[in-house]
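Chemist: Okay, handing you the structure first.
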Amino acid sequence: MELFRESNIDFVKMMRGAVIMSLLMIAAGLASLAIKGGPRWSVDFTGGTVLRVAITPTPPAADVRRVLAGAGYAGVQVQESEYQGAAGRVHEFIISLEGKDTGKDAAEAMQHALTAGLPGTTLELRSIDAVGAKVGGELRTAAANSVFASFVVMILYIAVRFVFRYGLAAVVALIHDVTITVGLFSLLDKEISLQIVAALLTLIGYSINDTIVVFDRIRENMRFRRREGYAEVVNASINQTLSRTVLTSGFTLITTVCLWLLGGPVIRDFAFCLTFGIVIGTYSSIFIASPILVWWAQRQVVDKRRPQPAM
Amino acid sequence: MSRAQQIRAGICALAVIISAIVLIPTFQSWSFSAAERAAAERDPALAERIARVDAKAIRRGLDLQGGMYLVMEVDQEGMTSDQALDALKRVEEIVRNRVDQFGISEPIIQTQGTNRLIVQLPGLQDPERAKNLIGRTARLEFRLVRPAEEMQSVLSRLDEAFKAAAGASAEPAGAAGSAEPAGAAATPGAAAADSQRAADPFAPLPPLAGAGSAEDEAFYKDHPFSAYVNEDSEFLQQHGWAYYVAEEDFARVKKLLESPAARAVPVNLSLQFGDKWATTRSGKKGRLLYLVNAQAGLTGDRLQSARAEPDHESTVYWQVSFSLDRRGTSMFGKLTRENVGRQLAISLDGQISSAPVIQTAITQGQGRITGRFTSQEASDLALLLRAGALPATVTIEEERTVGPGLGRDSIRQGVTAALIGALIVVLFAVFYYRLTGLVATAALAANVLILLAILAQFGLVLTLPGLAGIVLTVGMAIDANVLINERIREELRKSKTVRAAVDAGFHNATRTIVDANLTTLLAGIILLWFGTGPIKGFAVTMSIGIVSSVFTALVMTRFFLELMARNPQRTKLSI
């Protein structure tokens, strides 16, 4: 069986449409980010406490909120999550207390308040994540540094293996991928946590991988097909690698979709981020990174044809 | 078979066999049933066998087995860098001591930077108790309680100091200054009534005055501190007269005592609260307040042993009995001999758990700490006293606790997702590439085997994101095979012979495979540097997976494909 046997799709021609689509996606994400005042950072970065508890018999969330408000935790967010656990259905309350330097005792105090305020129920502690403001700040810096570092490393790597212009095109595609993914998280009102930053870093590596395969082919073809125009070579290269690009993304997607749907609540958003990121990364390798090379080359040609000012 | 092929076959076989051997304990460890593990509680021989197997098995992260991860910061303010380093080392030592005594298996305790300690406790049942045990300073001090006249004079000195402070802040602040007396006047009626007696502690209980009257306001203005300090002789936990702060005033008084004006307390004296709420026979509730010597007569450093036992005078509470070392015994003997009839406060981390009256000199170096402890509180306190006090206060800066239930669910869901994902990938690969798809599957299986063996051999931790990393590797490992197969197909289309196509395919694909995987590996290394805990687990499995997938593709897949292409009669490749 074969997909795309000797395909000959004019990707360079589709570039304008792709750019418009990408700009729309970026604009939607940026608009959401602007309206909501930036991404929704998790307590990993803001500091605060997230407590996950299962209470049996399960009370209404309103009762949980009321009891916590009575104990002086009026500003908490209470969300519910239900899923199949190892020993039957699990109904979790996810209680987050953000922003404040809540210190070490908030999780305990909230548990005590719930035990006292909901008589006749038993409370099972599922997890506590408590981050002090100081550590939150450090994690923020580390996350920003690592994303920045990975951009720089990718540019350098491609610049060494290819030429600088290829590196720049690849990184434009990367920024495109990361911006759209972060924008989507804002649109869906999902939190950016440490895990999500890890997923973004993975995507940066993965998306470059696709891009390199195409660039590698462009370079190879340039040696044999000099007489053709640059756009034709790029187009042929994308077509020749298309089967591989779609297949590998497809295989990786199978695994991330399984993780997303079956992996449980702890890594659901992480797997979602990978899944979406792989789709957008594959798209950008084909429609953004390589066409940028063409556009750059055309511009240079145009520049050369311009009459040079007399010295 | 050519020499190169023999070498490739040998390397593959060796890698797979060694990996399988390394993984034997892991499979054994995972196959112990819950019943067997429960039986090990009673059977030391079985327990030892299980422990031996577990030690060589892949270690599961705290997110999979449940447990607690703490980042603690040592307060090193005012220390030289040598002292700070020493303090951190001693904190580490004492915390290790406490954790060992608490009986948690395989704790990880390590310092980070110059002022942090990371504590990882797997499989923990009671996180709150563990945190109390680890983070508590546990500084035990014996301090003499000062007589009531001195308390009165300290209270009036504080009143003067707070009046002066209020006057100083009222003038420049203007209108803002009036906010404080207004707030004070708004205190509940009961406190206002109590406060009247503070002026004349021996007066009978006055009738309840209306809250917020002008008289009250003037009184609070005149006694900004002592107005909140009451007296009673009816406390169940205290014989004779005692000073106390009512429940509703406690937070305010605590704040007052932390403000600069509280320096009016003479340097050789210190005001300390009781560690628990105390109640009178008539049901009034408050924190006892003691004036004690700033200099401790004796500290917990001189303790030789401590243990919990039932309180002789109570049916429900427990106490901690202790014995002192030789020097402590003589110090304690002298202290008690010289102060018979006075109260000696037993202070823990600056809060007083009890203040018994010294009846006779205690020369045996033994004593007990009572303070309405539950049996657990008493045994924890005894543990803390045995392990020693932390040399500096420690705050918990980050906590990640996973309950055993969530850990179990995560394993189950993670493994299910991984297996189903791998199954679909394999089915699809075989469907798409036929025989070479099977080759890719074999390479993929070897890849996972090698990856797991590396985790087991080097004691690396498998976390839930780590499991995701393995799954992701399965997807990515097939990438190399796809690159090879697509190249071979291209070559076959140029009507090359199978053998030539395989050779050319590998030749062309190798560089691309290395290139493409290197970037993902670079991302993995950045993650390794950035991540902690579970995320580090992801970076570890992904990075190892990338390296081993390149290996299996370039060595194992190549061996099998060349084997198939070797047959000169073969004109078609099942690809």
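Chemist: If I ask for residues that are under 16 Å from A:Leu274 (Cα atoms), in contact (Cβ under 8 Å) with a residue 24 or more places away in the chain and either outside any helix (DSSP H, G or I) or touching a Cys at 6+ places or on another chain (Cβ under 6 Å) (or both), which ones from the range A:154-208 would you list?
Modeler: A:Lys190, A:Glu191, A:Ile192, A:Ser193, A:Ile196, A:Ala199
Chemist: Pick out the one residue from B:Ala308, B:Ala262 that is under 35 Å from the mean Cα position of the chain (by Cα) and outside any helix (DSSP H, G or I).
Modeler: Working: B:Ala262 fails: outside any helix (DSSP H, G or I).
Checking each option against the conditions leaves just B:Ala308.
Chemist: Of everything in the range A:210-263 that's more than 8 Å from chain B (Cβ to nearest Cβ) and assigned to a loop (DSSP other than H, G, I, E, B), which residue is nearest to A:Val294 (Cα to Cα)?
Modeler: It comes out as A:Gly229.
Chemist: From the residues in the range A:280-310 that are among the aliphatic types (A, V, I, L, M) and touching a helix residue (DSSP H, G or I) at 6+ places or on another chain (Cβ under 7 Å), which one is modelled with the lowest pLDDT?
Modeler: Within the range A:280-310, the first condition is being among the aliphatic types (A, V, I, L, M), and the residues that meet it are A:280, A:286, A:288-289, A:292-294, A:297, A:301-302, A:310.
Keeping just the survivors that are touching a helix residue (DSSP H, G or I) at 6+ places or on another chain (Cβ under 7 Å) gives A:280, A:286, A:288-289, A:292-294, A:297.
Working: A:Ile280: 95, A:Ile286: 89, A:Ile288: 89, A:Ala289: 88, A:Ile292: 86, A:Leu293: 86, A:Val294: 86, A:Ala297: 82.
Checking each candidate, the answer is A:Ala297.
Chemist: Let me ask something else. Determine which member of the set B:Gly407, B:Gly421 is free of Cβ contacts under 8 Å to residues at least 60 places away in the same chain and under 22 Å from A:Val266 (Cβ atoms). It would help to see each step written out before you state the result.
Modeler: Details: B:Gly407 fails: free of Cβ contacts under 8 Å to residues at least 60 places away in the same chain.
Checking each option against the conditions leaves just B:Gly421.
Chemist: Here are some conditions: (1) in contact with a Leu (Cβ under 8 Å, 6 or more places away or on another chain); (2) facing another protein chain (nearest Cβ under 8 Å); (3) outside any helix (DSSP H, G or I); (4) among the β-branched types (Val, Ile, Thr). A:Val90 meets all but one. Which one does it not meet?
Modeler: (1)
Chemist: Can you pull out the residues in the range A:263-275 that are crowded, with 22+ Cβ neighbours inside 10 Å, within 14 Å of B:Leu464 (Cα to Cα) and not β-branched (Val, Ile, Thr)?
Modeler: Correct list: A:Gly263, A:Gly264, A:Phe270, A:Ala271.
Chemist: Shifting gears a bit: Does the range A:48-56 contain at least one residue that is of a type outside the set (D, E, K, R) and away from chain B (no Cβ under 13 Å)? Quick ask: steps written out before the conclusion?
Modeler: Going through the range A:48-56, the residues of a type outside the set (D, E, K, R) turn out to be A:48-51, A:53-56.
If we keep only those that are away from chain B (no Cβ under 13 Å) as well, we get none.
No.
Chemist: Scanning the range B:530-547 for residues that are more than 10 Å from every other protein chain (Cβ to nearest Cβ) and β-branched (Val, Ile, Thr), which turns out surrounded by the fewest Cβ atoms within 10 Å (Cβ to Cβ)?
Modeler: B:Val547
Chemist: Still on this structure: Of the conditions (1) among the hydroxyl-bearing types (Ser, Thr, Tyr); (2) part of a helix (DSSP H, G or I); (3) within 30 Å of A:Ala130 (Cα to Cα), B:Tyr69 satisfies every one except a single condition; which number is it?
Modeler: (2)
Chemist: Which of the helices (runs of 4 or more DSSP H) found entirely inside the range B:107-197 contain at least 1 residues meeting this: more than 26 Å from B:Ala261 (Cα to Cα), at pLDDT 50 or above and within 40 Å of the chain's Cα centre (by Cα)? Don't jump to the end; show me each part of the working.
Modeler: Details: elements: B:127-135, B:148-173, B:179-185.
Output list reads B:127-135.
Chemist: Moving to a separate point now. Looking at B:Thr315, is it at negative phi and either small (Gly, Ala, Ser) or surrounded by fewer than 19 Cβ atoms within 10 Å (Cβ to Cβ) (or both)? Working first, answer last.
Modeler: Numbers: at negative phi: yes; either small (Gly, Ala, Ser) or surrounded by fewer than 19 Cβ atoms within 10 Å (Cβ to Cβ) (or both): yes.
Here the answer is yes, as B:Thr315 does meet what is asked.
Chemist: Within the range B:511-529, is there a residue that is farther than 26 Å from A:Val152 by Cβ and either touching a helix residue (DSSP H, G or I) at 6+ places or on another chain (Cβ under 8 Å) or in contact (Cβ under 8 Å) with a residue 24 or more places away in the chain (or both)? Don't jump to the end; show me each part of the working.
Modeler: First, the residues of the range B:511-529 that are farther than 26 Å from A:Val152 by Cβ: none.
No, the range B:511-529 has no match at all.
Chemist: Go through the range B:1-40 residue by residue and tally those that are part of a helix (DSSP H, G or I), touching a helix residue (DSSP H, G or I) at 6+ places or on another chain (Cβ under 8 Å) and of a type outside the set (Val, Ile, Thr). Don't jump to the end; show me each part of the working.
Modeler: Step one: of the range B:1-40, the residues part of a helix (DSSP H, G or I) are B:3-31, B:34-39.
Of the ones still in play, those that are also touching a helix residue (DSSP H, G or I) at 6+ places or on another chain (Cβ under 8 Å) are B:5, B:8-9, B:11-12, B:15-16, B:18-20, B:22-23, B:25-26, B:28-29, B:36-37, B:39.
Retained after the next criterion (residues that are of a type outside the set (Val, Ile, Thr)): B:5, B:8-9, B:12, B:15, B:19-20, B:23, B:25, B:28-29, B:36-37, B:39.
Residues that pass the stated criteria total 14.
Rundown of residues vs (1) more than 8 Å from chain A (Cβ to nearest Cβ); (2) over 22 Å from B:Lys56 (Cβ atoms); (3) touching a Leu at 6+ places or on another chain (Cβ under 9 Å); (4) surrounded by fewer than 24 Cβ atoms within 10 Å (Cβ to Cβ), yes/no style:
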site	(1), (2), (3), (4)
B:Ile411	no, no, yes, yes
B:Ala417	no, yes, yes, no
B:Gly421	no, yes, yes, no
B:Phe431	no, yes, no, yes
B:Ala440	yes, yes, no, no
B:Ala456	yes, no, yes, yes
B:Leu472	no, yes, yes, no
B:Ala480	yes, yes, yes, no
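Chemist: In addition: For residues in the range B:80-110 being in contact with a helix residue (DSSP H, G or I) (Cβ under 8 Å, 6 or more places away or on another chain) and touching a residue at least 60 places away in the same chain (Cβ under 8 Å), which is surrounded by the most Cβ atoms within 10 Å (Cβ to Cβ)?
Modeler: Selected residue: B:Arg98.
Chemist: Say whether the condition of being surrounded by 18 or more Cβ atoms within 10 Å (Cβ to Cβ) and facing chain B (nearest Cβ under 10 Å) is met by at least one residue in the range A:62-84.
Modeler: For the range A:62-84, residues surrounded by 18 or more Cβ atoms within 10 Å (Cβ to Cβ) and facing chain B (nearest Cβ under 10 Å): absent.
Chemist: Can you pull out the residues in the range B:277-305 that are in a loop (DSSP other than H, G, I, E, B), in contact (Cβ under 8 Å) with a residue 12 or more places away in the chain and farther than 23 Å from B:Ala387 by Cβ? Break it down stepwise before answering.
Modeler: Step one: of the range B:277-305, the residues in a loop (DSSP other than H, G, I, E, B) are B:277, B:281-284, B:294-297.
Add one more test, that the residue is in contact (Cβ under 8 Å) with a residue 12 or more places away in the chain, and what stays is B:277, B:281-282, B:284, B:294-297.
Within the range B:277-305, B:Trp277, B:Arg281, B:Ser282, B:Lys284, B:Ala294, B:Gln295 qualify.
The values are calculated or read from the model by the stated rules, or taken from the named source; none is laboratory data. Owing to the predicted nature of the structure, the values given are computational and were not obtained by experimental measurement. For neighbour counting, all protein chains shown are included, and Cβ atoms are generated from backbone atoms with ideal geometry for every residue, glycine included.
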